[in-house]
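Asker: My questions all concern the structure below.
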Amino acid sequence: MVENRPLLNVITHLILIVGVLIVAFPVYIAVIAATHGPLALSSGAMPMLPGGELINNIVSVVTVERRGVAPFWLMTWNSLLMAVIITVGKIAISIISAYAIVYFRFPGRQLVFWLIFITLMLPVEVRIIPTFKVVADLGMLNSYAGLTIPLIASATATFLFRQFFMTVPDELMEAARVDGAGPIKFFRDILLPLSRTNIAALSVILFIYGWIQYLWPMLVTTDPKYYTLMMGVKRMAASNGDGEPQWNLIMAAVVLAMLPPVLIVIFMQRLFVKGLVETEK
Amino acid sequence: METKRTTFPNSPLPYILVAPQLIITLIFFIWPAGQAVKSSFEREDPFGLSTTFVGLLHYSRLFADPDYLAAIGRTAVFALAVTIISMGLALILAACVNRLIRSGTAYSTMLLWPYAVSPVVAGILWWFIFNSSTGILPYVLSYFGVDWNHQLNGNQAMILIIIAASWKQISYNFLFFLAGLQSVPQSLSEAAAIDSAGPWKRFWTIVFPLLSPTTFFLMIVNLNYTMFDTFGIVDATTAGGPNQATNTLVYKVYSDGYIGLNIGSSSAQSVVLMLFVIGLTIIQFRYVERRVQY
């Protein structure tokens, strides 16, 4: 702070409190809705304070099977599996390709780099139909492979590791070579341990990325067995053909579905910030 | 492109290392993108038995189609509104947090978490809040004489997706603005303060100009976000309706191609969007890479 201005300090806090309230507002409403019985939400005058039905609603969401969606535990498992496979897969293939690009000078290296770079320009949203077709032709619809493998290629993760490897002192590798370490030993015993923080930070970002996927799972799964939580809550919210949707249950499901990544951001804030800032460099 | 001063001797190893990434990229990115380009020049007969080359027909139809031109305008309004609102609010909040010494981190935590909320969940949340029969905001708005029903009123539907998309993006912009603000040297502000510039003047004449690389970077990222990552928000709130009022370009690719099965037109739309992302990416890497060093 440059100078002390008490009035400005008060205004700063006021603005931030209002900001935090605005940001929290929709989730507050969702949490409140999840704590009431169905009747309290049927009129516009929604209660603003929590009720006592939270446990009942959660039990109902988790245990009662609903038409058109998979059991809640299965969707949670699918989301978790999808997020973990995408995280591990992206990191694994990105770190080894970055290693090849930085520590080897092989013919075609430039081409490989550009092919990976191009993926940045091809988000799944602009190639929905042909990608769906490829996955269908390979028989990967309704499978965990179809849910995850097409999302595993990653230019950003590759660039992050490339950036990091460039900052690793050359002497480390020269010393390792003098001591007779081959490329695999050097990677495993020196580079991988050095990359630990980067891997951790990236994992946080990629786990969130995998958990919140919606369009892709919706395209490649028709079998409820492979539905993810994001699809499940959307289907619950949309199934209001017969009467008013059960908002208390939908909101309980929504709160449960967004809890894991939100908790990760809150409790691993430093890694999260590092991961997000570094991947954008 | 640089490598290390010394590299490992050549062997099949580097090819094995890049193979997984490359195979997935070729199969699931480049090949489908090529297919999209190819089928945007072709017409398939109704039974899917044969295809004929039709040149630029799909494109000329597309750009003669008032629906598509309207979708471009609509997407531009949506993208600009979300970019301006979420960046503006984020900048104010980041500037505030940057002034604080002790409580800054606590506020940051409470502003960052919406990043982890899925777009589709953000859509459901705001849909619930604005729901015309049970939502809380229409109830409040009715006291001000506003009759809220985004299922009938196209403008209100657009406002709804703008609010939902901006809300979701504030945390991202906040984080980058805060990082940018923290890298502006204190000494500059201190020098200006000695020359009796007040906080307001210091911000606009010193801090904000130094922040311009961050601002520019965020503008590109936000345009990208509103164009592509808001699919879930649109799908969960309005599904493009009412009467196309929120049918953005990305949602249209999906609804024309995946639901309407109009492959040729959908492919042509995909290619137009691809060109757009390519343009954005080139701008980002040409101009943003050379970040100003303070």
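The values are calculated or read from the model by the stated rules, or taken from the named source; none is laboratory data. Because the structure is a prediction, the values reported are computed rather than measured. Virtual Cβ from ideal backbone geometry, glycine too; neighbours counted across all protein chains shown.
Asker: Name, by its number, the condition in (1) away from every other protein chain (no Cβ under 12 Å); (2) under 21 Å from residue B:274 (Cα atoms) that does not hold for residue B:49.
Answerer: (2)
Asker: Moving to a separate point now. Would you mind stating whether residue B:25 is within 11 Å of chain A (Cβ to nearest Cβ), crowded, with 18+ Cβ neighbours inside 10 Å, modelled with pLDDT of 90 or more and over 18 Å from residue B:260 (Cβ atoms)?
Answerer: Considered against the rule, which asks whether it is within 11 Å of chain A (Cβ to nearest Cβ), crowded, with 18+ Cβ neighbours inside 10 Å, modelled with pLDDT of 90 or more and over 18 Å from residue B:260 (Cβ atoms), residue B:25 comes out as yes.
Asker: Same structure, new question: Give the residue that is surrounded by the fewest Cβ atoms within 10 Å (Cβ to Cβ), with candidates limited to residues of the range B:184-200 that are away from chain A (no Cβ under 11 Å) and within 30 Å of residue A:265 (Cβ to Cβ). Quick ask: steps written out before the conclusion?
Answerer: Filtering the range B:184-200 down to residues away from chain A (no Cβ under 11 Å) leaves B:184-185, B:195.
Now restrict to residues that are within 30 Å of residue A:265 (Cβ to Cβ): B:184-185.
Numbers: B:184: 18, B:185: 11.
Selected residue: B:185.
Asker: Next up: Run down B:68, B:107 and say which single residue is over 21 Å from residue B:228 (Cβ atoms) and out of contact with any Ser or Thr (no Cβ under 6 Å at 6 or more places or on another chain). Steps first, answer last, please.
Answerer: Details: B:68 fails: over 21 Å from residue B:228 (Cβ atoms).
Sole residue among the options that is over 21 Å from residue B:228 (Cβ atoms) and out of contact with any Ser or Thr (no Cβ under 6 Å at 6 or more places or on another chain): B:107.
Asker: Next question. Filter the range B:217-256 for residues that are surrounded by fewer than 23 Cβ atoms within 10 Å (Cβ to Cβ) and small (Gly, Ala, Ser) and give the result.
Answerer: B:239, B:240, B:241, B:245, B:255
Asker: Looking at (1) at the interface with another protein chain (Cβ under 9 Å from one of its Cβ atoms); (2) under 16 Å from the mean Cα position of the chain (by Cα); (3) buried (at least 23 other Cβ atoms within 10 Å of the Cβ), find the lone condition where residue B:269 falls short.
Answerer: (2)
Asker: Right, something else. Collect the residues in the range A:235-249 that are small (Gly, Ala, Ser) and either at pLDDT 85 or above or under 11 Å from residue B:125 (Cα atoms) (or both), keeping them in residue-number order.
Answerer: The answer is A:237, and nothing else.
Asker: A further question on this structure: Anything in the range A:207-230 that is farther than 28 Å from residue A:271 by Cβ and either free of Cβ contacts under 8 Å to residues at least 60 places away in the same chain or not polar (S, T, N, Q) (or both)? List them, or say none.
Answerer: To start, the set of residues in the range A:207-230 that are farther than 28 Å from residue A:271 by Cβ comprises A:218-227.
The answer is A:218, A:219, A:220, A:223, A:224, A:225, A:226, A:227.
Asker: Which residues, counting only those in the range A:121-141, are surrounded by fewer than 21 Cβ atoms within 10 Å (Cβ to Cβ) and modelled with pLDDT of 85 or more? Spell out how you get there, then give the answer.
Answerer: As a first pass, look at the range A:121-141 and keep what is surrounded by fewer than 21 Cβ atoms within 10 Å (Cβ to Cβ): A:121, A:123-124, A:132-134, A:136-141.
Selection gives A:132, A:133, A:134, A:136, A:137, A:138, A:139, A:140, A:141.
Asker: For the range A:154-175, does any single residue satisfy the condition of being in contact (Cβ under 8 Å) with a residue 40 or more places away in the chain and outside any helix (DSSP H, G or I)?
Answerer: For the range A:154-175, residues in contact (Cβ under 8 Å) with a residue 40 or more places away in the chain and outside any helix (DSSP H, G or I): present.
Asker: Would you be able to tell me the number of residues in the range A:101-111 that are facing chain B (nearest Cβ under 7 Å) and either surrounded by fewer than 22 Cβ atoms within 10 Å (Cβ to Cβ) or more than 20 Å from residue B:10 (Cα to Cα) (or both)?
Answerer: 4
Asker: Looking at residue A:155, is it under 24 Å from residue A:188 (Cα atoms), modelled with pLDDT of 90 or more and touching a Leu at 6+ places or on another chain (Cβ under 6 Å)?
Answerer: Here the answer is no, as residue A:155 does not meet what is asked.
Asker: Okay, moving on. May I ask you to say which residue of A:252, A:181 is within 11 Å of chain B (Cβ to nearest Cβ) and either closer than 17 Å to residue B:122 by Cα or of a type in the set (A, V, I, L, M, F, W, C) (or both)?
Answerer: One residue alone meets the criteria, A:181.
Asker: Out of A:80, A:14, A:49, I need the residue that is closer than 30 Å to residue B:102 by Cβ, more than 7 Å from chain B (Cβ to nearest Cβ) and among the hydrophobic types (A, V, I, L, M, F, W, C). Which one?
Answerer: None of the others qualify; the one that does is A:14.
Asker: Another one. For the range A:200-236, name all the residues that are crowded, with 24+ Cβ neighbours inside 10 Å and away from every other protein chain (no Cβ under 14 Å).
Answerer: A:202
Asker: Sort out which residues of the range B:98-113 are within 24 Å of residue B:233 (Cα to Cα), surrounded by fewer than 23 Cβ atoms within 10 Å (Cβ to Cβ) and either touching a residue at least 40 places away in the same chain (Cβ under 8 Å) or more than 7 Å from chain A (Cβ to nearest Cβ) (or both), and write them in order of number.
Answerer: B:113
Asker: Let me ask another. Going by the conditions given, is residue A:10 under 30 Å from residue A:166 (Cβ atoms), of a type in the set (Val, Ile, Thr) and without any contact (Cβ under 8 Å) to a residue 24 or more places away in the chain?
Answerer: Details: under 30 Å from residue A:166 (Cβ atoms): no; of a type in the set (Val, Ile, Thr): yes; without any contact (Cβ under 8 Å) to a residue 24 or more places away in the chain: yes.
Judged against the criteria, residue A:10 is not a match.
Asker: Still on this structure, please answer the following. Give just the number: which of (1) more than 9 Å from every other protein chain (Cβ to nearest Cβ); (2) surrounded by fewer than 20 Cβ atoms within 10 Å (Cβ to Cβ) does residue B:140 not satisfy?
Answerer: (1)
Asker: Going by the structure shown, is residue B:203 under 27 Å from residue B:273 (Cα atoms) and more than 10 Å from chain A (Cβ to nearest Cβ)?
Answerer: Numbers: under 27 Å from residue B:273 (Cα atoms): no; more than 10 Å from chain A (Cβ to nearest Cβ): yes.
Here the answer is no, as residue B:203 does not meet what is asked.
Asker: Run residue B:58 past the list (1) surrounded by fewer than 18 Cβ atoms within 10 Å (Cβ to Cβ); (2) within 18 Å of residue B:274 (Cα to Cα); (3) touching a Gly at 6+ places or on another chain (Cβ under 6 Å) and report the number of the one that doesn't hold.
Answerer: If we test residue B:58 against (1) surrounded by fewer than 18 Cβ atoms within 10 Å (Cβ to Cβ); (2) within 18 Å of residue B:274 (Cα to Cα); (3) touching a Gly at 6+ places or on another chain (Cβ under 6 Å), just (1) comes out false.
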